[in-house]
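One structure below.
The values are calculated or read from the model by the stated rules, or taken from the named source; none is laboratory data. Predicted, not measured: the structure shown is a model, and the values here were computed from it. All Cβ positions, even for glycine, are placed from backbone atoms using ideal geometry, and neighbour counts span all protein chains on display. Ligands, DNA and RNA are excluded from the accessible area calculation, which covers all protein heavy atoms including side chains. Shrake-Rupley method; radii C 1.70, N 1.55, O 1.52, S 1.80 Å.
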Amino acid sequence: MADLTHVYDKPPQGANADWTIPQQWERFSADEHGMWDRLFARQSAMLPGRAADAFMRGIDLLKLEQPGIPDYRALNARLMAATGWQVVAVPGLVPDAVFFDHLANRRFPAGNFIRSPEQLDYLQEPDVFHDVFGHVPMLADPVFADYMVAYGKGGLRSLGFGALHKLARLYWYTVEFGLIEEAGGLRIYGAGIVSSYGESLFALDDPSPNRIRFDLLRLMRSAYRIDDYQQSYFVIPSIEHLLKVTVETDFAPLYAQLEQLPDIAIADTIPSDQVITRGTQQYAQRRR
Ligand code: PHE
Ligand code: CO
């Protein structure tokens, strides 16, 4: 799911200076390909009518329905042609500046391992299923592709202000756990949701979480949880809107303003919120 903390301080043995490693697609076993197929079948059966148009188009365009863990040589040929993006393999979570530099240059770093059967529903570090099935279809959308580049540049800039902890919330509540309002209703597009069986259902159907219209300043005041389903989701009206607002806003004064404003707790709404669904929070309360 990629909370933006990292594990190593320098590239591990065998990795390049930018932390990339060869995918070595040939090294995945039949069982590992089988795990991908199992996860793919379960998610793709459920996503029509739930996942955003852009996500469904990405699955199609990139031919992700072909069996097995995707070989990046073929995947990148299609992705490059669509938006100039490519997927690169990394050993695990990479340092923030390295991650942002990849995004700014249209490279998406993907964990080069797949979860074990015991981790079918939950794992802490992003694996190839989360990273490729979850993130890559949206990167085939030209507008979202530009958003991710802008986020990478904005991420590098945030480091100079010591403001990554605020900017990371934007990534969390859009790229990982974002909802979008389409003509047919609410849809999921965040990678953390679309790659999770349980949260794909929960995020749209469960009465527990808040669903609040996207507001940049409000969102960046919002804490988030990394250990369970979200208690609030933010709903964008369109990918164009998300790109426009984030690119046209200078975040420097926003970071300064955010330092003066109290954080908003994960389950709370505030009077200025445009609330689509006010959550009961019964799920989170049960789990305490
Ligand atoms: N406009 C932002 C800034 O001034 C950069 C940014 C763009 C951040 C898009 C996130 C997403 O820092
Ligand atoms: Co992720």
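For (1) open to solvent by 80 Å² or more (accessible area, probe 1.4 Å); (2) among the acidic types (Asp, Glu); (3) closer than 26 Å to Leu159 by Cβ; (4) assigned to a loop (DSSP other than H, G, I, E, B), each residue gets a yes or a no:
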{"site": "Val245", "(1), (2), (3), (4)": "no, no, yes, no"}
{"site": "Leu258", "(1), (2), (3), (4)": "no, no, yes, no"}
{"site": "Pro262", "(1), (2), (3), (4)": "yes, no, yes, yes"}
{"site": "Ile266", "(1), (2), (3), (4)": "no, no, yes, yes"}
{"site": "Thr269", "(1), (2), (3), (4)": "no, no, no, yes"}
{"site": "Asp273", "(1), (2), (3), (4)": "no, yes, no, yes"}
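When the range 146-179 is examined, which residues are found to be part of a strand (DSSP E or B) and either near ligand 1 (Cβ under 9 Å from one of its atoms) or open to solvent by 10 Å² or more (accessible area, probe 1.4 Å) (or both)?
Passing the criteria: none in range.
Run down Val245, Val194, Val175 and say which single residue is of a type in the set (Val, Ile, Thr) and in contact with a strand residue (DSSP E or B) (Cβ under 6 Å, 6 or more places away or on another chain).
None of the other options fit; the residue is Val194.
List pairs: first in the range 146-174 and in contact (Cβ under 8 Å) with a residue 24 or more places away in the chain and within 15 Å of ligand 2 (Cβ to nearest atom), second of a type in the set (Gly, Ala, Ser) and open to solvent by 40 Å² or more (accessible area, probe 1.4 Å), Cβ under 9 Å, 6+ apart or cross-chain?
Gly155/Ala97
Counting only residues that are within 23 Å of Gln124 (Cα to Cα) and in contact with a Leu (Cβ under 6 Å, 6 or more places away or on another chain), which one in the range 221-243 is surrounded by the fewest Cβ atoms within 10 Å (Cβ to Cβ)?
Only one residue fits best here, namely Tyr233.
Return the pair list, or none, for Cβ contacts closer than 8 Å from residues in the range 72-98 that are of a type in the set (Val, Ile, Thr) to residues that are open to solvent by 20 Å² or more (accessible area, probe 1.4 Å) and in a helix (DSSP H, G or I), at least 6 apart or on different chains.
If the second residue must be open to solvent by 20 Å² or more (accessible area, probe 1.4 Å) and in a helix (DSSP H, G or I), the pairs left are Thr83/Pro142; Val87/Asn76.
When Phe133 is evaluated against the numbered criteria (1) without any contact (Cβ under 8 Å) to a residue 60 or more places away in the chain; (2) within 15 Å of ligand 2 (Cβ to nearest atom), which criterion, by number, is the only one it fails?
(1)
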